[in-house]
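The values are calculated or read from the model by the stated rules, or taken from the named source; none is laboratory data. No experiment lies behind these values; they were computed from the predicted model shown. FYI the Cβ positions are ideal-geometry reconstructions off the backbone, even for glycines, and counts take in every protein chain you see. Areas reflect the complete protein model, heavy atoms only, side chains present, ligands, DNA and RNA absent. Shrake-Rupley method; radii C 1.70, N 1.55, O 1.52, S 1.80 Å.
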Amino acid sequence: MNVPQHVAIILDGNGRWAKSKGMPRTFGHTQGAKNVENICRIAWNKGIKYLTVYAFSTENWSRPGDEVNAIMDLLRSYLKTCKNTAEKNHMRVRIIGDKTGLAEDIQKSIRELEEFSRDFDGLNFQIALNYGSRDEIVRAVNLILKEKEKGILPGDGIVTEEMISSHLDTAGIPDPDLLIRTSGEMRLSNYLLWQCAYTEFYFTDVHWPAFTEEELVKALEHYSSRQRRFGKTGEQVE
Ligand code: IPE
Ligand code: IPE
Ligand code: MG
């Protein structure tokens, strides 16, 4: 099987999963966070080197205040768990998104986690928090403008694709080979728009907390079959 180097996931359906069990939405988020732990371990065992999950978007602030607060509290405890997992599995954790929009204590935990895990050589795990792809591109362009103003922009002053890529939050991380969205929605919701230019997409109706190893294998098989069909050169094999 041709295993993708980088898998990106839009973790969707926590609320619907909880509702189907007669539970509050926040229960769905708690179970969803637990499942992130599972999938990190399983992904690494399958040979995936980079995993990037969409946990909270720039648009998600418009949800009811109670739900946003519950998600932020869950994030606080998740970041602690994540540090232990990183230590145990030698996982390198990076956060993409506008960290400055998060509470000060969360920013501090993120800095500690990123610093603590920076030299680990296991799974490269990226969590998108307060992330929006358009926001990320705008921030990258503004960084480039600032460098130009200071006269430290490399090259002849022309903005290139490489320059934009290297100013995004995902600088140094290869583009995703496979993008998975759970829970039936077939849209990107402002996720990795630049990075997914050539990414294979896989959609499933399964809600995120119920997305098991078996479901991941289905997505990986789908990816592997697409690769066989079109090969690397874009030529159809079958
Ligand atoms: C995904 O689940 C988690 C977040 C966006 C924080 P949702 O909360 O979007 O669940 P549904 O889509 O309403 O079921
Ligand atoms: C996308 O899911 C964002 C995350 C998974 C964090 P949403 O549930 O927020 O997206 P929409 O509102 O259905 O587009
Ligand atoms: Mg949703």
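Can you list residue pairs whose Cβ atoms sit under 8 Å apart, with the first residue in region 32-59 being of a type in the set (Lys, Arg) and the second being within 16 Å of ligand 3 (Cβ to nearest atom)? Count only pairs 6 or more apart in sequence or on different chains.
If the second residue must be within 16 Å of ligand 3 (Cβ to nearest atom), the pairs left are Lys34/Pro209.
Within the set of pairs 6 or more residues apart or between chains, which connect a residue that is closer than 15 Å to Met72 by Cβ and among the charged types (D, E, K, R) inside region 13-30 to a residue that is within 11 Å of ligand 1 (Cβ to nearest atom) and open to solvent by 80 Å² or more (accessible area, probe 1.4 Å) with Cβ atoms less than 8 Å apart?
Cβ pairs passing all conditions: Arg25/Lys19.
Quick check on my filter: what residues within region 195-238 are part of a strand (DSSP E or B) and either at pLDDT below 95 or open to solvent by 50 Å² or more (accessible area, probe 1.4 Å) (or both)?
If the condition is that a residue be part of a strand (DSSP E or B) and either at pLDDT below 95 or open to solvent by 50 Å² or more (accessible area, probe 1.4 Å) (or both), then Phe201, Phe203 are the ones that fit.
Looking only at region 165-187, which residues are hydrophobic (A, V, I, L, M, F, W, C) and exposed (fewer than 15 other Cβ atoms within 10 Å of the Cβ)?
Passing the criteria: Ala171, Met186.
Would you mind stating whether Val3 is among the β-branched types (Val, Ile, Thr) and within 24 Å of Asp169 (Cα to Cα)?
Judged against the criteria, Val3 is not a match.
When residues of region 36-64 are filtered for being assigned to a helix (DSSP H, G or I), more than 20 Å from Arg94 (Cβ to Cβ), within 16 Å of ligand 2 (Cβ to nearest atom) and not hydroxyl-bearing (Ser, Thr, Tyr), how many remain?
Residues that pass the stated criteria total 2.
Exactly one condition in (1) in a strand (DSSP E or B); (2) open to solvent by 50 Å² or more (accessible area, probe 1.4 Å) is not met by Met23; state its number.
Of the numbered conditions (1) in a strand (DSSP E or B); (2) open to solvent by 50 Å² or more (accessible area, probe 1.4 Å), the odd one out for Met23 is (1).
This table checks each residue for (1) touching a Cys at 6+ places or on another chain (Cβ under 8 Å); (2) surrounded by 14 or more Cβ atoms within 10 Å (Cβ to Cβ); (3) in a helix (DSSP H, G or I); (4) touching a residue at least 40 places away in the same chain (Cβ under 8 Å).
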residue	(1), (2), (3), (4)
Lys108	no, no, yes, no
Arg111	no, no, yes, no
Asp119	no, no, no, no
Gly122	no, yes, no, yes
Ala128	no, yes, no, yes
Glu136	no, yes, yes, yes
Asn142	no, no, yes, no
Leu153	no, yes, no, no
